[in-house]
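J.: I'd like to ask some things about the structure below.
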Amino acid sequence: MTTSPVLPNAIEQLSGQIVSAVRTGLAARPKRLPSWLFYDEAGSRLFDQITELPEYYLTRVERRILAANAQQIVALAGEGERLRIAELGAGSAEKTRLLLRAAVQRQSTLVYEPVDVSLSALDEAQERIEREIPAVRVAPQLADYTHSLALEPTEPGERRLVLYIGSSIGNFEPDHAAQLLQGVRAGLKTGDALLLGVDLVKDVRVLLAAYDDAAGVTAAFNRNILVRLNRELGADFDLDAFAHQAVWNAAESRMEMHLVSHVPQRVRLAALDCDATFKADESIHTENSYKYTPGQAEDMLRTAGFAPVARWTDHRGWFAVCLGRAS
Ligand SMILES: C[S@@+](CC[C@H](N)C(=O)[O-])C[C@H]1O[C@@H](n2cnc3c(N)ncnc32)[C@H](O)[C@@H]1O
């Protein structure tokens with residue numbers, strides 16, 4: 001396996017962010033933990049299993065959209081110029097390979113810059129892409145893209161296409177999502193492009209099943225955040241004392257994931273030298289996944305300084321992939 005040439009202080013920086021996110025989140029009322037904490041090595045593997053579950057339509061539907069339109073997407077993004085492709089929260093980059101293959105058909109070599117908080121995901125993606133598509137040079141970056149996103153400058157005559165797919169934008173509250181996209185725009189030149197994958201509002205039964213599958217993989221993924229805190233912060237969370245809960249919040253148009261304490265309990269976090277106390281039925285809110293309409297997705301692009309260029313959806317209108325040009 002290859003080892004990512006990460007910035008020397010990237011791992012240390014992320015550890016600092018974990019400590020501060022956990023301290024703040026468990027002191028908040030209601031308690032919360034940020035969803036990026038899911039993605040240690042085990043969490044990245046569990047997420048890959050989720051993408052193969054029958055209930056988890058998101059990956060399957062987005063993959064179909066990308067497979068059918070990859071050539072057109074890279075052609076529109078490049079507008080006749082060479083492309084360089086970056087990706088926020090790349091994970092295993094499984095769907096991304098469709099776009100990378102389409103890009104190397106129009107230019108002989110390509111630089112691909114995945115950004116992720118999961119070192120194991122970056123390593124595996126790099127190894128697999130370089131083996132399967134040797135024309136692609138992978139330049140990974142271990143970073144939290146909400147804190148530090150420093151992409152290399154593009155060469156003259158080169159366009160950057162930033163991929164932000166997989167409905168990851170849905171993890172952010174609307175104001176934060178707008179700020180995040182504005183930050184991405186600030187790092188781009190006019191004419192560069194952003195491809196945004198957005199999960200759309202649909203039948204609540206479909207949504208609930210996608211976040212609470214029958215095999216219990218999403219429950220294990222949710223609880224893995226506690227496994228991680230036990231290992232990395234010397235905490236003593238009893239996993240059996242917390243239930244996975246997926247809830248549709250209609251007022252906010254979002255799916256939520258929670259870990260609900262069955263009983264009153266006190267948990268020690270040795271590395272933080274503090275305790276967290278829970279009442280019976282008290283929850284830790286671990287994830288939001290906002291569901292949008294296509295019009296709202298394009299408004300988000302416009303607000304952040306991207307002119308919508310094209311939009312692709314599936315026949316049921318469950319998922320949208322929108323291309324915006326930095327204007
Ligand atoms: C839901 S997965 C999506 C993976 C892939 N893009 C897809 O569409 O299947 C989210 C990925 O983003 C990464 N991630 C989540 N929050 C992040 C952040 N703030 N900064 C960098 N990476 C992040 C996770 O490690 C994970 O690999």
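J.: Hey, can you tell me all the residues within region 110-146 that are within 26 Å of residue 13 (Cα to Cα) and of a type in the set (D, E, K, R)?
T.: The answer is 113, 116, 123, 124, 127, 137, 144.
J.: Of (1) surrounded by fewer than 20 Cβ atoms within 10 Å (Cβ to Cβ); (2) within 30 Å of residue 276 (Cα to Cα); (3) touching a helix residue (DSSP H, G or I) at 6+ places or on another chain (Cβ under 9 Å), residue 24 satisfies all except one. Which?
T.: Here residue 24 meets the rest and fails (3).
J.: Taking the residues in region 249-266 that are surrounded by 12 or more Cβ atoms within 10 Å (Cβ to Cβ) and among the charged types (D, E, K, R) as candidates, determine which candidate is nearest to residue 278 (Cα to Cα).
T.: Among them, the one singled out is 256.
J.: Moving on to the next point. Listed residues 187, 216, 191; which is open to solvent by 20 Å² or more (accessible area, probe 1.4 Å) and either among the hydroxyl-bearing types (Ser, Thr, Tyr) or more than 25 Å from residue 60 (Cβ to Cβ) (or both)?
T.: Matching residue, one of 187, 216, 191: 187.
J.: Going through region 59-115 one residue at a time, which ones are in a loop (DSSP other than H, G, I, E, B) and either among the acidic types (Asp, Glu) or more than 18 Å from the chain's Cα centre (by Cα) (or both)?
T.: Of everything in region 59-115, those that are in a loop (DSSP other than H, G, I, E, B) and either among the acidic types (Asp, Glu) or more than 18 Å from the chain's Cα centre (by Cα) (or both) turn out to be 79, 80, 81, 94, 107, 108, 109.
J.: To continue, here is another question. Test of understanding: among 86, 93, which residue is touching a helix residue (DSSP H, G or I) at 6+ places or on another chain (Cβ under 8 Å), open to solvent by less than 30 Å² (accessible area, probe 1.4 Å), within 21 Å of residue 169 (Cβ to Cβ) and within 16 Å of the ligand (Cβ to nearest atom)?
T.: 93
J.: In region 156-179, how many are in contact (Cβ under 8 Å) with a residue 24 or more places away in the chain, open to solvent by 30 Å² or more (accessible area, probe 1.4 Å) and either away from the ligand (no atom under 16 Å from the Cβ) or more than 23 Å from residue 321 (Cα to Cα) (or both)?
T.: 3
J.: Between a residue in region 280-303 that is among the basic types (Lys, Arg) and open to solvent by less than 20 Å² (accessible area, probe 1.4 Å) and any residue that is modelled with pLDDT of 95 or more and outside any strand (DSSP E or B), which pairs come within a Cβ distance under 9 Å, given they are 6 or more apart or on different chains?
T.: Matching pairs, first to second residue: 291/167; 291/170; 291/201; 291/202; 291/207; 291/253.
J.: Tell me, which residue of region 165-219 that is of a type in the set (Val, Ile, Thr) and in contact with a Ser or Thr (Cβ under 8 Å, 6 or more places away or on another chain) is farthest from residue 54 (Cα to Cα)?
T.: Looking at residues that are of a type in the set (Val, Ile, Thr) and in contact with a Ser or Thr (Cβ under 8 Å, 6 or more places away or on another chain), I get 190.
J.: Right, another one. So if I check each of 17, 107, 126, 72, which one is of a type outside the set (Lys, Arg) and open to solvent by 30 Å² or more (accessible area, probe 1.4 Å)?
T.: None of the others qualify; the one that does is 72.
J.: Here is a list of conditions, (1) open to solvent by 70 Å² or more (accessible area, probe 1.4 Å); (2) part of a strand (DSSP E or B); (3) in contact with a helix residue (DSSP H, G or I) (Cβ under 7 Å, 6 or more places away or on another chain), and residue 245 meets all of them except one; can you say which number that is?
T.: (3)
J.: Still on this structure, please answer the following. Consider region 18-58. How many of its residues are assigned to a loop (DSSP other than H, G, I, E, B), within 14 Å of the ligand (Cβ to nearest atom) and more than 17 Å from residue 144 (Cα to Cα)?
T.: Residues that pass the stated criteria total 4.
The values are calculated or read from the model by the stated rules, or taken from the named source; none is laboratory data. Remember, predicted model here, so these are calculated numbers, not experimental data. Don't worry about glycine lacking a Cβ; one is built from the backbone with ideal geometry, like all the others, and counts go over all protein chains shown. Surface areas here come from the heavy atoms of the whole protein model, side chains and all, with no ligands, DNA or RNA. Shrake-Rupley method; radii C 1.70, N 1.55, O 1.52, S 1.80 Å.
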